[in-house]
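Notes follow the structure.
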Amino acid sequence: MTDRDSEIEKYESLMALEPRETGEMSLESDIANFTRIVSLFCKVPIALMTLVGEDKVLVRSSIGMNECEIDRNESFCSHTVQGEGILEVKDTLEDERFSQLAAVRGDERIRYYAGAPLVTPDGRKIGALCILDHVPRQLTTRESDFIQTMSRQLMNLISLKESEQRLSDLFENVSDLIQSISPEGEIVWVNAKWRETLGYNQSELSSINIFDIIAPNCQQHFREVFQKLLKDDNVGIFNVSFIAKDGKFVRTEGRVNVRFEGRKPILMRGIFRDVTQEHANKKQSELFKQTLDRTFDAILMYEPENFRFIYANKSALKKTGHTMAELKMMRPWEIDAKIQPEQAQQMFHQLREGTQKSVVFETELCHKSGHTTEVEITLQYLSDDFSPRFIAIVRDITEQRKALLELKKAKNQAEEANQAKNRFLSRVSHELRTPLNSIIGFSKLLLMGNISGKEYENTERIHNSGTHLLELITDIMDISSMESDELKLNLETVDIHVILCSVRDLMKPQAEEAKAEISCLESEDKSLTLITDRRRLKQILINLVSNAIKYSGKDCLIKLYAQRFEDRLLIRVKDNGLGISNEKTQRLFTPFDRLDAERNMSETKGTGLGLAIVKKLAKTLGGDIAVISKLNEGSVFTVDLPTLPEVP
Ligand code: ADP
């Protein structure tokens, strides 16, 4: 496309522009009016406005002719754009340049032409405004002046439209919100960005007053600004929040000036920038800063390159006694009483290389005045955004250290007191056993003697109570000796099957008395052995079997069996007796908690210490005990022991 053609195309598209507002005339209809007026004024049947291209002449507006496009060689206007001023051909047949044109020779029978060039502001002739007639004639001076004036006016109009289009393009496509408001607050005009940001369409605007869409918290300020502006006072840049159509607030920063006619305000032109996001970001970072400043821990950040501080929260400034300006000139080791620069740099290096995610260490933080604080520092390297940095969170551990020391002291004291109590209990229990054994022994002798009736009953009661008291004392002695770590273990290789059978045989009389049956199930693994304290293991199992008999009633079946699981040995005592409800199993191993008392079995003898002792013994042997039980169906107690001693 040649320069001429692209120029013509520009004007052509400009003329074809749709009117923007209803009622507004398009350039095309304005031009049509020009050609109409020219034909009327000069009293000719044909008037045209043409654009002259490289090969063609485009008829943009015509009166009395249907042609849209004429070959350049067949046109009068191509000559008009080459000459100066108006071109008049009084009789086309008399002019050899035109006498052979189709328009002259053909049906049109054009005998007269007069055209004035359309000249752009920079002097280029882009087309012509012309009149044509079927008879020869001559322009009067008034007609000639009129055509030339109209061609200039037409060009002015086109240029005006062009600059208006440029301006409108600018206004519509800027990223700011532009508005024209009447002094009464009516919205006169807004740009596309305004409509897009606030969501109101063109037709809605006519019914909106600017005060309707000002956020409630800005109303008063905006009214004050508005009044000042109407008085031509300078208000500078101000903030205002608009209410968008979806109800959201759009925060803006803007400037408004007023057009006055004389002293009367006519129009208020405002240009606003949407700062909603910017404001939210600012608030967020303020909140972030405030949060950091309010944290009790000192937070410091420094550059990874030269290790200079770039940020310190309030607590850090207080704990170091330095100002931010001072810290900016310092390096981390200058406020640390223990760490050497080489050590610090090695830590930073590890963090930056990613071999460690964070480093936690205890040190002493130096205050400007010379004193130090015991602290724990967590050091991290943040490289996830555009400015990598080290961050140190410094926690004052002075109180924590003090508390820890006091706790240790209190624990030692409590342990000492406990040992003393255990020693006392074990001594007292021992002393009690001698007279008790006499009571039990002599009451047994009396029972075997010649007594009956009330006498026998009372003696039996003495004997039973004595036996119960002895059990209690024995259990208490066991527990206190375990708590005071006086339990000595004799480790030996134990064949578990042999142990289970000996427990079964030992408990047989008690079982028979309760009409229960005990059996030992043989394991597939014939040689189940472990290294443990035989006597203590037996004590555990006797306790469990004794409970199974006590809490199972008649015709109960008690099974003893063992199995290996990896490097552990699981020994199980199973019964099909009373069972224990789920919520009570937690209490089983609590000393003196006798669940049976709540189950109307208070006549069953017991101290409530058996399972507590069993648990302690199992732990002392490096294992543990667990229970699975179902009320009224039975229980399985599992002693889990290491096959090789991990005895503490
Ligand atoms: P004691 O038998 O002297 O009461 P234990 O510590 O041995 O004390 O047991 C605590 C409680 O656990 C018992 O009072 C009983 O209610 C319950 N218990 C223990 N073993 C069994 C079992 N095999 N079946 C049902 N309940 C049991």
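The values are calculated or read from the model by the stated rules, or taken from the named source; none is laboratory data. A quick note: this is a predicted structure, and the numbers were derived from the prediction, not measured. Note: ideal-geometry Cβ built from the backbone for every residue, glycine included; neighbour counts use all protein chains shown. All accessible areas refer to the heavy atoms of the entire protein, side chains included, with ligands and DNA or RNA removed. Shrake-Rupley method; radii C 1.70, N 1.55, O 1.52, S 1.80 Å.
Quick notes on this one:
- Where a residue in region 625-643 is among the basic types (Lys, Arg) and its partner, wherever it lies, is crowded, with 17+ Cβ neighbours inside 10 Å, with Cβ under 6 Å and at least six apart: Lys630/Gly579
- Residue within region 113-121 that is among the aliphatic types (A, V, I, L, M), outside any strand (DSSP E or B) and open to solvent by less than 60 Å² (accessible area, probe 1.4 Å) present: no
- Looking across region 287-336, the residues that are under 16 Å from Leu382 (Cα atoms) and surrounded by fewer than 21 Cβ atoms within 10 Å (Cβ to Cβ) come down to Ile299, Met301, Glu303, Pro304, Glu305, Asn306, Phe307, Arg308, Ile310, Tyr311.
- Restricting attention to region 157-167 and to residues that are open to solvent by less than 90 Å² (accessible area, probe 1.4 Å) and without any contact (Cβ under 8 Å) to a residue 60 or more places away in the chain, the residue that is farthest from Thr120 (Cα to Cα) turns out to be Glu164.
- Taking the criterion of being of a type in the set (Lys, Arg) and closer than 18 Å to Leu489 by Cα, the residues of region 534-570 that qualify are Arg534, Arg535, Arg536, Lys538.
- Flag if Ser62 is at pLDDT below 95, surrounded by 13 or more Cβ atoms within 10 Å (Cβ to Cβ), within 17 Å of Ala102 (Cβ to Cβ) and polar (S, T, N, Q): yes
- Looking only at region 404-456, and only at residues there that are hydroxyl-bearing (Ser, Thr, Tyr) and open to solvent by 60 Å² or more (accessible area, probe 1.4 Å), the one that is farthest from Met482 (Cα to Cα): Ser452
- Matching residues, region 542-581, being within 10 Å of the ligand (Cβ to nearest atom) and of a type in the set (Lys, Arg): Lys550, Lys574
- Counted residues, region 603-639 - those being more than 20 Å from Ile558 (Cα to Cα), assigned to a helix (DSSP H, G or I), open to solvent by less than 20 Å² (accessible area, probe 1.4 Å) and within 11 Å of the ligand (Cβ to nearest atom): 2
- Where helices (runs of 4 or more DSSP H) fall entirely within region 168-233, those with at least 2 residues that are within 18 Å of Arg259 (Cα to Cα) and without any contact (Cβ under 8 Å) to a residue 40 or more places away in the chain are at 219-230.
- Test: residue in region 485-498 that is over 30 Å from Ser527 (Cα atoms) and assigned to a helix (DSSP H, G or I): no
- Contacts under 7 angstrom Cβ, first residue in region 533-561 being within 28 Å of Thr643 (Cα to Cα) and among the acidic types (Asp, Glu), partner at pLDDT below 90 and more than 14 Å from the ligand (Cβ to nearest atom), 6 or more apart: Asp533/Leu489; Asp533/Asn490
- Selection status of Lys584, open to solvent by 20 Å² or more (accessible area, probe 1.4 Å), part of a strand (DSSP E or B) and within 12 Å of the ligand (Cβ to nearest atom): no
- Among the residues of region 37-59, those that are under 20 Å from Ser144 (Cα atoms), open to solvent by less than 70 Å² (accessible area, probe 1.4 Å) and in a loop (DSSP other than H, G, I, E, B) comprise Val44, Pro45.
- Scanning region 523-548 for residues that are closer than 18 Å to Asn632 by Cα and either open to solvent by less than 10 Å² (accessible area, probe 1.4 Å) or at pLDDT 95 or above (or both) yields a count of 3.
- Restricting Arg395, Arg401, Arg433 to residues that are in contact (Cβ under 8 Å) with a residue 24 or more places away in the chain, part of a helix (DSSP H, G or I) and under 30 Å from Phe309 (Cα atoms) narrows the list to Arg401.
- Scanning region 205-238 for residues that are buried (at least 16 other Cβ atoms within 10 Å of the Cβ) and either touching a Gly at 6+ places or on another chain (Cβ under 8 Å) or closer than 15 Å to Met268 by Cα (or both) gives Ile210, Phe222, Val225, Phe226, Leu229, Phe238.
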